[in-house]
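See below for the structure under consideration.
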Amino acid sequence: MEALRICHLYPDLLNLYGDRGNLLSLCQRLKWRGLPYQLTRISLGEDFDPEAFDLVFLGGGQDYEQALLQEDLLIKKGSAIKEAVLQDVVFLCICGGYQMMGKAYITAEGRRIECLGAIDVITQAGKKRMIGNLVFKPQLDTLPTWLAAGFENHSGRTWPGSGVKPLGRVVKGFGNNGKDGTEGAIYRNVFCSYSHGSLLPKNPRLADELLFRAFARMRPSFKRQDLSPLADVFEEKAGTSILSLLHIRPDG
Amino acid sequence: MRTRAAIITAKFLVLLLRKFGRGGTSLPGKAALWIQPDLLQILTLPLRIILVTGTNGKTTTARIISEILDRAGISHISNRSGSNLLNGIAAMLVEKCSLKGSFSADTALLELDEAAFRLACTRMRPHAVVVTNFFRDQLDRYGELYSTLNAVREGLAHTGPDTALILNADDSLCTSLAKDSKGPVFFYGVEASAVSGDPAKTDLDALHCIYCGSRYAYAHRTYGHLGGFCCPGCGYSRPGLQVACTRILREDTGGMSVDVNLRLPGQEEQTIRMDIALPGLYNLYNALAAAGCGFALNLPVQAVTAAVARFQSGFGRMETLNCGDRQIKLILVKNPAGFNQVLAHLAPVKAGLHAAFLLNDNIADGTDVSWIWDVDFESFSDAPGIPARISVCGRRKWDMALRLKYSGFDEGDIHVEPSYSQLIQNALGAMAPGECLTLLPTYTAMLTIRRELSKHFSLPEFWA
């Protein structure tokens, strides 16, 4: 079986709030199933080949680091990343990475900073930081929903356009903008979320959905059952225990 | 009049709280500041002030400085119990002053977190400021790493030419503070000659130049982003050191022996041998910071070397408690950089290790537990040797259990304990007499486990 090719974009700069846990989750779940993978780190000054990867992770960073890579991302890698999105490469983008995939970021002074434009969302700077536990119900066509738990920490308000679907509905917390009850975005195989925590370890269903889509794109005959079930006891407990700490009933 | 009222009220509250067994709270300080908002200025005016701030190592550094002051015969007061916000400082001051607001000591040694440091500098004139380092810590409370650095920078803007600044030269963020100082600056650090091999392959906090954004080149690194940095873009680089560790002669779990080169203003260059009673590179930095403070205050070398050689840490910083015929070692963990250092310390003794990870998400711990995914548990899991028993507990025990699982431990080998009392019972029960249990709690977990332990064993009081 061919190795699943995973790419971590700017691992040395976008490495905030434990987002690398998402990669640990993907890689371990492949390892436990005996499925081979290859993890590549791509950072400043390096080319991104849209044909070279099946699954790409883009995390968030601090303002200083994000400003450093803005030009590299837009000019050096921008068109290749958009090309990969159109070829249905699976993406997971968290927080700052999510914002950068969008069309633009509007600063507090009203200045428009162009972003990648890979997905139809716009982010506006906000004064008050939205910090806290985030619980949402993912809305994927292919999976029954569940209560996903994470932690958000952002001041940008993201507004999804008509070209994307929200990743889920907010149960507790702010989500995209604290107003419209949406959290994250889905476009083709691009999954975006404000949830740190990390997101995938506590939400193994989502991790497996990403893996399934990446394999299915490689080999159309690949079926969901080809990802053998894992016990996921700790995963389940970590998810439900935070719900009970937040006094949220498991049935939502 | 207001001051007197504030002191009396707070002192009364302290007595009352003690009576009900609630030591170490900041409520009396809060009340005192409410009655007299200028209390800190008024009380600290006659005192010589030493402030210690930074992300990691504040408590240990402050306590070594305290030991140095003791040995130099300088009477001093300090905030010892890790309550390093302004209310806590006020509580400590009113507790230790006379009813008229005077002290028998002439020096105050205060450990402050970055936000409290900024405020404190507007209310008092420090004689010496020690900055340990800047690592990511509890970003949900303070925003980003650069905001914590700026908080210290803004505080320093209020200091004058009579404030000595003691800085970690190996930290590019910390070193940048020298520009904000109007007084003498003492740099401490670890030279390339003292370290060998590559540090752990973790991602760095400050990878790019704070001034021009170029990627730093490193002549050597000790851990995290600490080391001999140099910016190829603008030339910003690690400065020359006044207090430099040039050689590590011995290091084991009991501590280390090092050579320290001193280039102090107005003195001949000399190299001294320092025995440090604590293990780990991060404690080497703490000892150097404290020594730097001692030298900045012109205290005798003898007082400094004697203090670091005898210093025993406490209150959850590598504190060892005797629990019947077994021992418990408490090591506070609060952010990835500190946690990585603790795991590096435990990896060589992993075989047969009894350890428990206690994770809470209260405000003092940081409400976001995401940071555990930035800790390099993989290196610990990959290290040779099989631990005797690994347990987890605390409000976010399942997150901790999950983190360990994804680092490579088997689910079945991780004991998830529902309560601290059960943890103590089960973990101690699994040990043979003479063995030691290493507890790695976050801040509030440490307070709780200590309280739980004191029900079963007699422990030293911790608001002393």
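The values are calculated or read from the model by the stated rules, or taken from the named source; none is laboratory data. Note that the coordinates shown come from a computational prediction; the quantities given were computed from them, not determined experimentally. Here Cβ is always computed from backbone atoms with ideal geometry, including for glycine, and neighbour counts include all displayed protein chains. We work out accessible area using only protein heavy atoms, side chains counted, and drop any ligands, DNA or RNA first. Shrake-Rupley method; radii C 1.70, N 1.55, O 1.52, S 1.80 Å.
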Checklist entry - Just to be sure, is B:Leu204 assigned to a loop (DSSP other than H, G, I, E, B) and under 21 Å from the mean Cα position of the chain (by Cα)? => result yes
Next on the checklist: Cβ-Cβ distance below 7 Å, separation of 6 or more or different chains: which pairs start in the range B:358-387 with a residue that is more than 8 Å from chain A (Cβ to nearest Cβ) and on the phi > 0 side of the Ramachandran plot and end on one that is part of a loop (DSSP other than H, G, I, E, B) and open to solvent by less than 10 Å² (accessible area, probe 1.4 Å)?
Outcome noted: B:Gly385/B:Lys350
Next on the checklist: I need the full set of residues from the range A:159-189 which are away from chain B (no Cβ under 14 Å), touching a residue at least 60 places away in the same chain (Cβ under 8 Å) and surrounded by fewer than 24 Cβ atoms within 10 Å (Cβ to Cβ), in order please.
Outcome noted: A:Val171, A:Tyr187, A:Arg188, A:Asn189
Checklist entry - How about the range B:343-371: which of its residues are within 22 Å of B:Asn426 (Cβ to Cβ), buried (at least 21 other Cβ atoms within 10 Å of the Cβ) and hydrophobic (A, V, I, L, M, F, W, C)? => result B:Ala355, B:Ala356, B:Phe357, B:Leu358, B:Leu359
Checklist entry - Is it true that some residue in the range B:56-66 is at pLDDT 85 or above, farther than 30 Å from B:Leu149 by Cα and in the same structural domain as B:His225 (by TED's automatic domain parsing)? => result no
Item to check | Any strands (runs of 3 or more DSSP E) falling wholly within the range A:1-119 and containing at least 3 residues that are open to solvent by less than 50 Å² (accessible area, probe 1.4 Å), more than 14 Å from chain B (Cβ to nearest Cβ) and modelled with pLDDT of 95 or more | outcome: A:4-9, A:55-58, A:90-94
Next on the checklist: Please determine whether any residue of the range B:108-126 is under 30 Å from B:Pro28 (Cβ atoms), within 14 Å of chain A (Cβ to nearest Cβ) and part of a loop (DSSP other than H, G, I, E, B).
Outcome noted: no
Checklist outcome for this item: When restricted to B:Arg238, B:Arg250, B:Arg215, the only residue modelled with pLDDT under 95, over 21 Å from the mean Cα position of the chain (by Cα) and closer than 30 Å to A:Glu65 by Cα is B:Arg215
Item to check | Neighbours by Cβ (under 9 Å, 6+ apart or cross-chain): first from the range B:221-239, assigned by TED's automatic domain parsing to the domain that holds B:Lys179; second among the polar types (S, T, N, Q) and assigned to a strand (DSSP E or B) | outcome: B:Leu226/B:Asn168; B:Gly228/B:Ser237; B:Phe229/B:Ser237; B:Cys230/B:Ser237; B:Cys231/B:Ser237
Item to check | Candidate set: the range A:199-226, residues that are of a type in the set (A, V, I, L, M, F, W, C) and under 25 Å from A:Thr240 (Cα atoms); chosen: the one surrounded by the most Cβ atoms within 10 Å (Cβ to Cβ) | outcome: A:Leu200
Checklist entry - When residues of the range A:147-158 are filtered for being modelled with pLDDT under 95, touching a helix residue (DSSP H, G or I) at 6+ places or on another chain (Cβ under 8 Å) and open to solvent by 10 Å² or more (accessible area, probe 1.4 Å), how many remain? => result 0
Item to check | Flag if B:Asn56 is touching a strand residue (DSSP E or B) at 6+ places or on another chain (Cβ under 7 Å) and within 25 Å of B:Ile331 (Cα to Cα) | outcome: no
